[in-house]
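The values are calculated or read from the model by the stated rules, or taken from the named source; none is laboratory data. Note that the structure is predicted; figures quoted are calculated from it, not measured. Cβ coordinates were reconstructed from backbone atoms using ideal geometry, including for glycine residues, and neighbour counts include every protein chain displayed. Just the protein is used for accessible areas: all its heavy atoms, side chains included, with ligands, DNA and RNA removed. Shrake-Rupley method; radii C 1.70, N 1.55, O 1.52, S 1.80 Å.
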Amino acid sequence: MNGNLKELARLFLKLGFIGFGGPAVHIAMMKEEVVTKKKWMSEQHFLDLVGATNLIPGPNSTEMAIHIGQERAGWKGLIVAGLCFIFPAVLITGFFAWIYKMYGQIPEIQPFIYGIKPAIIAVILFAVFSLAKKSLKTVELYCVGILVLILSLLKFNELYLLFGSGFFALFVFGIKNRLFQNINQNFLAITVFPFSSNTSISNGSLFLIFLKIGAILYGSGYVLFAFLDSELVATGILSRHQLMDAIAVGQFTPGPVFSSVTFIGYQINDWTGALLATVGIFLPSFLFVALLNPLVKKMRNSKLFAVFLDAVNVASVAIILSVCVDMGMTTITDWRSICIGLISLVIAFCFKNINSSIVVIGGSVLGYLLTLV
């Protein structure tokens, strides 16, 4: 393994083990590592990758890891970065799946994670502040960002917000430059065929269910659980109680929340089911990124695509901020969490070179100590 691949492996294994808090936090941590510290790419290109990733199905932070790997070391880097980021979450989730099936419950770890979420919010806010400074280039983009933030808080579908922002920006650009008569529009139609399931399910059918979900799913982990409810709970393959426990595992384990499917696959067909569910849900992301990555720079070099991408970037930042607001409303509920959040925020903004994992670990330790008060 060459130096670049080893560097990618070390970085994404680390992020996979410490990446609590969901895609917004993972992307913030990746930005700190690859833009601020290692300077592997410019902030603008990182932002373009975030925007482009939001336009394709699958887990956003995993796809960002894959993008970074491909940028750094080609197709080998794509595979190494993606697998190393996913592996810790799958390993930990598999362990909890085994305990759950053996003993029928998940160990109580709330005292250890009490302080993680307020610290995570501070990390997100710091990353959003930096990305917003780069992406808000014009008055129109400020308006797009404010409107998307409001609509996202009102729970509008994020896919509509992303594409709507891009097309709105093209509309304004066209009016200002009178270019509509020169624009050729191409449309890509995607047809999704439903897959019917039975209460007794083979490994092949299980793999196809998760492959289909990975290929068509837009949005957060909560959208994933809605798909799983209709595909598995409604058909009697999985109980709703098991699904709720899978959601809990996904929330308190690091790495991509999509690793919850490892837990679910194990409950259905043991280790074989866990492996096939995991491969099925993540495989489309590797394929989509491999196809998309070479196009991102071409999009930036095209005047029309650049306008579209700028608006999508602003919308992406606004949606991340909306996630942060939602997390804050459910997490920062008492004086302890307020203290942890404020201290973490001060540290993140005042010590800009400090590793975000230190902020998260510090928040966890502080949270545990304050629960003893």
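Below are the figures for this structure:
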| read-out | value |
| --- | --- |
| Which numbered condition ASN2 misses (of (1) in contact (Cβ under 8 Å) with a residue 60 or more places away in the chain; (2) crowded, with 22+ Cβ neighbours inside 10 Å) | (2) |
| Single match in GLY328, GLY273, GLY367, GLY362 (criterion: open to solvent by less than 10 Å² (accessible area, probe 1.4 Å) and modelled with pLDDT under 90) | GLY367 |
| Some residue of the stretch 7-28 being touching a His at 6+ places or on another chain (Cβ under 8 Å), open to solvent by less than 10 Å² (accessible area, probe 1.4 Å), at pLDDT 90 or above and part of a helix (DSSP H, G or I) | yes |
| Filtered residues of the stretch 38-67 (kept if touching a Leu at 6+ places or on another chain (Cβ under 9 Å) and either part of a loop (DSSP other than H, G, I, E, B) or without any contact (Cβ under 8 Å) to a residue 12 or more places away in the chain (or both)) | LYS38, MET41, ASN54, LEU55, ILE56, PRO57, GLY58, PRO59 |
| The one condition in (1) open to solvent by 10 Å² or more (accessible area, probe 1.4 Å); (2) within 16 Å of ILE99 (Cα to Cα) that LEU292 fails to fulfil | (2) |
| From the options SER302, SER337, SER316, SER356, residue that is at pLDDT 85 or above, open to solvent by less than 70 Å² (accessible area, probe 1.4 Å) and small (Gly, Ala, Ser) | SER337 |
| Qualifying residue in the stretch 253-265 (condition: polar (S, T, N, Q), crowded, with 22+ Cβ neighbours inside 10 Å, touching a Gly at 6+ places or on another chain (Cβ under 6 Å) and at pLDDT 60 or above) | yes |
| Tabulated pairs, the stretch 326-353, first touching a residue at least 24 places away in the same chain (Cβ under 8 Å) and among the basic types (Lys, Arg), second crowded, with 18+ Cβ neighbours inside 10 Å and not in a helix (DSSP H, G or I), C-beta under 9 angstrom, 6+ apart or interchain | ARG336/TYR114; ARG336/GLY115 |
